[in-house]
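Derivation of every value follows stated rules applied to the coordinates shown; laboratory data play no part. None of the values given here were measured: they were computed from a predicted structure. With ideal geometry, Cβ positions are generated from the backbone for all residues, glycine too; neighbour counts draw on all protein chains shown.
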Amino acid sequence: MKGCKVTLLPIEKISAWYCALTSVLMVVMMPRLADPVEMLLTRVEWLALTAAVIVLSYYLTHSPRTKNISNFNLSIFQLSTFLRVLAQMAWLPRWYPDTYEFNRTLPNLDHLFAAYEQSLFSCQPSIAFSQALPGALWSEAFNLGYFSYFPMIAALVITIFILESRNPLTINHKPSTFNTVSATIQTAFYLYYLIYIFVPVTGPQFYFQAVGIDEILQGHFPALGTYFSSHTEMLPAPGWTDGLFNHLVAMAHEAGERPTAAFPSSHIGISTIVMMLAYRHAPRILPYLLPLWALLCCATVYIQAHYVIDAIAGLLTAPLALYLATRLTRKL
């Protein structure tokens, strides 16, 4: 690869910036972090993955066997670009626990959110909602919506890639819609993650478990300080617990959920951004995504992952996050 010039994709550039920024923050907060070695390992692994995919992409697109076959070489270029974008988006679940490692050192704020929720609604909507609609149909519908979060993102990105691949010249020149949209979504994720680092709110499923449902129903919302630094127990899932999507959501929570990232709801924020991007770039899939988006918005409260305040904040911050993410992506 002597003398070669490798150009980073926008999504790789923004991921590198996020990695660098949080690495600096990690150094500053090092004495207070519970597991800095694991956090450092996450960054080393990300760097290794990114480098490996870029090297693979270079060899695929510069192979002597394909450089004289223009159509085949173009297909390889499209595939390598897709793989590089996929590698960054697939790493998001690894960046997510980082927010917990940072904010677990800060005093928890759930008591303020639960108390404000009580003052607004004279109840805890997340409890009342699931109790009002406990049936199998509602439970499965809402859990389907919640589980559709990442599939909705994938559907948009893959659709745009397929549409752009039909006109190969577009993906081979900058800016391509595929590169721009994927980087915009990734940047929006990072904007929400940065909020979660400094706003330690866990949501009802963790806070109510820690305090006790009886205490919550009596209107008692004690401050827990750094309780969640060493406690990650969650409430059992509400609704029809034998349902397929109830099980899938529970499995996803067991695999990677942490007491973090409740305010604002990135599930609602990011999925709303996906709707806006779909309207702009792939309107044909919008009718299929909208019902899932509506179910997801309801599900965030129904499954007790978020307060209503979190859900509203997710809706309100989505246009701002899209604007900022678009501006940052254009600069790259």
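Could you run the Karplus curve 6.51 cos²θ - 1.76 cosθ + 1.60 with θ = phi - 60° over segment 316-323 and give me ³J(HN,Hα) per residue in whole Hz, x for Gly and Pro?
Running phi through 6.51 cos²θ - 1.76 cosθ + 1.60 with θ = phi - 60° gives 6, 7, 4, x, 5, 4, 5, 4 Hz.
Which order do I158, I54, I153 fall in if you start with the one that has the fewest other Cβ atoms within 10 Å?
Fewest-to-most Cβ neighbours within 10 Å comes out as I158, I54, I153.
Between L120, L106, L277, which gets the highest mean-square fluctuation from a Gaussian network model of the chain, Cα cutoff 10 Å?
Of L120, L106, L277, the most mobile in the Gaussian network model is L120.
What angle do you read, to the nearest 10 degrees and between 0 and 90, between the alpha-carbon axis of helix 92-103 and the longest principal axis of the chain?
Tilt of helix 92-103: around 50 degrees.
Expressed as an acute angle from 0 to 90° and rounded to the nearest 10, what is the orientation of the C-alpha long axis of helix 10-28 relative to the principal long axis of the chain?
50 degrees
Can you tell me the convex hull volume per residue for the chain, based on C-alpha atoms, in Å³ to the nearest whole number?
Each residue corresponds to 141 Å³ of Cα convex hull volume.
How much net charge surrounds V44 when only the other residues with a Cβ under 15 Å from the Cβ of V44 are counted, with Lys and Arg +1 and Asp and Glu -1?
-2
Per residue, how big is the convex hull around the C-alpha atoms of segment 178-332? Give it to me in cubic angstrom, could you?
Measuring per residue, one finds 131 Å³ for the Cα hull of segment 178-332.
For segment 180-234 and segment 281-332, what is the centre-to-centre distance using only Cα atoms, to the nearest Å?
18 Å
If you take the C-alpha gyration tensor of segment 244-299, multiply each eigenvalue by 5 and take the square root, what semi-axes do you get, largest first, in whole Å?
Value: 24, 14, 9 Å, ordered largest first.
Along the charge dipole of the chain, which of Q124, S75, T317 sits closest to the positive end, that is, farthest toward it, with unit charges on the beta carbon of Lys, Arg, Asp and Glu (+1, +1, -1, -1)?
Towards the positive end, the residue furthest out is S75.
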